[in-house]
Amino acid sequence: MSVVSIVKTNGKVEEGVKKAVELAGGIDIDSGETVLIKPNLCCAKPSGSGVVTNLEVISAMVKVVKDIGGKPIVGDLPIVGWDPQETYKTIGVKRVVEKAGGQFVDLSNDEPVTIQIPDATKLKNVKLARTALTADAIISLPVFKAHFFTGLTLSIKNLKGLTWQDQRQRMHVMGLFEPIVDLFSALRSKVVFGLIDGTVGCESIKPSGPYYGPTEGKPIKLDTIIAGKDIVAVDSVAAVTAGIKPKSMKLLKIAYERGLGEIENIEVRGERVKPQKLKQTLFGRIMGSLNSVWTSRIANPITHPLVKRLFGPQIESRRTAEKELEKVIPSRIVLTGECKEGCTICFDACKIGNIKLGKKGPIIGEKCLGCLICVEACPVQALVVKRFEEVSA
Ligand code: SF4
Ligand code: SF4
C-alpha cells in the first residue's frame, strides 16, 4: 500500500512541507547523495501565480533535503518558446535556492544526453538534460494546476521538464500520455518522492469554451500540500481532491496499468480534504452533482439532448468531448483575444515552421502536426483550440 500525506499549510508553508514529508514516511536518500529537486518553472510567471511552483515550497524542500544529509540541486527547463534565463530571472528562483542552501542549475546549459527506453510503448528514446541522469535521486515538485490536454498537470507530467526542449513536440505528436509514462518509467528508480505545491493552484481550462494553455490561468488559493514516495499515488490523491476520479485520468490509468504505482490502494495520512477545486455555492454544488450525472458514460447519451436544449448548442456530448482533442486540425487553432505585441513565442515554439507572423498575430499554416505546443506556449491565452461546433458554425 502506498502512503500519501495531505497537509493544510494555513500560510505556514515551510512547516507544511516538513510535516507532509514526515507524514509520508520521509524521503529515501542517503547522506551525501545529489538530489535533483524538479519544480515547475514552465514560463516567466511569478511565484504565487499558480502557474509555477511557489518559491517558498522550493526553499522548504531544499532545506528538507539538506537536513536529511543530501546535496540539493534545483533545475527545470521551461516550455518551448520561453527563454530559460528570462524565466528563471522573472521567478527569482536562483536567489531563493541559494539562500536555502541549495544549488540552482540552469539545465539549458547542460549537455543533452539521449537514453534508450527499451520497455517504452511509444517513446523508445529520449533526450534529457544530463543532470537528470547524473543526480542520485529526483524529487518532483509540481504546482497543482489544470491542463488543457491532460486534465491536471502534476508530479508525473512535471518530469517532462527534464527532457530537452526539442523533444516536447515529438512527445505531443506521439499522443503525449504514453510518451510521458514512458519517460516516467525510465526515471522511476530515481524518482524517490513527489510533493505537490497546492498553496496556490490554478485552472487553465474552460469546460464549455476553448482550451487554453497551461501558462496562464485563474489562481486558486488551496493552502494544501500533497506528498508521498509513490508519485502515481500522490497524483491520484490530488486528483480526488479536485473532484476527479484517478481512473478517468488517462495518464494515471496508464501508469497504474503498467505497474508504476497505485491509484486505489493508498493510505492517506493527515487532513481529509473535501474536493476543493472551486468554492461553490449551494446552487453550484447541486449543479456539480447534476453535472456528474449527465456526464457519466452511461447516462450521457440519454441526458445530453435535454441538457443541450436547456443550456445551448455549445454543450458537448461526452463522446464528442473525448474525441475532440484527439483530432486537431489547423483551422481549429485560432487567435482570440489580443496578441502580445512583439511576442514571438508561438512562432519560435513551432519547430516545423508552420506559423507565420502576420500583422495581427500568428497565422497557422496547413502542415500542422496537431502537437498544440503553440497553444501551450502562448502566455496570454490568445491562441486557443476552438471546439468543433464553433469551427463548423
Ligand atoms: S502550428 Fe501545429 S505543428 Fe506548429 S506548434 Fe502549433 S500545433 Fe504544433
Ligand atoms: S499568439 Fe501572440 S501572444 Fe500568443 S504566443 Fe503567439 S505571438 Fe505571442
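Bear in mind that the values in this text are calculations on the coordinates, not laboratory data. These numbers were taken from a predicted model, which means no experiment stands behind them. All Cβ positions, even for glycine, are placed from backbone atoms using ideal geometry, and neighbour counts span all protein chains on display.
Kindly put Leu133, Leu187, Leu306 in sequence by how many other C-beta atoms sit within 10 Å of each C-beta, fewest to most.
Listing Leu133, Leu187, Leu306 from fewest to most nearby Cβ atoms yields Leu306, Leu133, Leu187.
Skipping prolines and chain starts, which residues have an amide H placed within reach, meaning under 5 Å, of the one on Val80, given they are 5 or more residues away or on another chain?
Amide H to amide H, under 5 Å and 5 or more residues apart or across chains, Val80 pairs with nothing.
Which FRET efficiency value, to the nearest 0.05, do you get for Arg130 and Ala299 by plugging their Cβ-Cβ distance into 1/(1 + (r/R0)^6) with R0 = 45 Å?
Calculated transfer efficiency: 0.30.
Quickly rank 333-342, 119-128 as a protection proxy: mean count of other C-beta atoms within 10 Å, highest first.
For the peptides 333-342, 119-128, the packing ranking is 119-128, 333-342.
Using a 10 Å cut-off on Cβ atoms, rank the peptides 357-369, 224-236, 373-385, 86-98 from the highest mean neighbour count down.
224-236, 373-385, 86-98, 357-369
Want the number for Glu271 to Glu257: 0.36 nm per residue separation, take away the alpha-carbon distance, what's left?
Gain on extension, Glu271 to Glu257, equals 2.2 nm.
Hey, what's the per residue convex hull volume over the C-alpha atoms of the stretch 50-209, in cubic angstrom?
Taking the convex hull of the Cα positions in the stretch 50-209, it is 114 Å³ per residue.
Give, rounded to the nearest 20 debye, the magnitude of the charge dipole that the stretch 1-81 has about its Cα centre when Lys and Arg contribute +1 at Cβ and Asp and Glu contribute -1 at Cβ.
So the dipole magnitude of the stretch 1-81 works out to roughly 240 debye.
For the stretch 11-56, run through the GluC sites (Glu not before Pro) and keep only the ones in DSSP coil with at most 11 other Cβ atoms within 10 Å of their Cβ.
Listed in order of number, the matching sites amount to none.
Give Lys38/Lys63; Lys145/Lys221; Lys127/Lys157; Lys89/Lys127 a once-over and call out the pairs whose C-alpha atoms are over 19 Å from each other.
Pairs exceeding the cut-off: Lys89/Lys127.
By counting other Cβ atoms within 10 Å of each Cβ, how are Cys371, Cys42 ranked from fewest to most?
Taking fewest neighbouring Cβ atoms as first place, the list is Cys371, Cys42.
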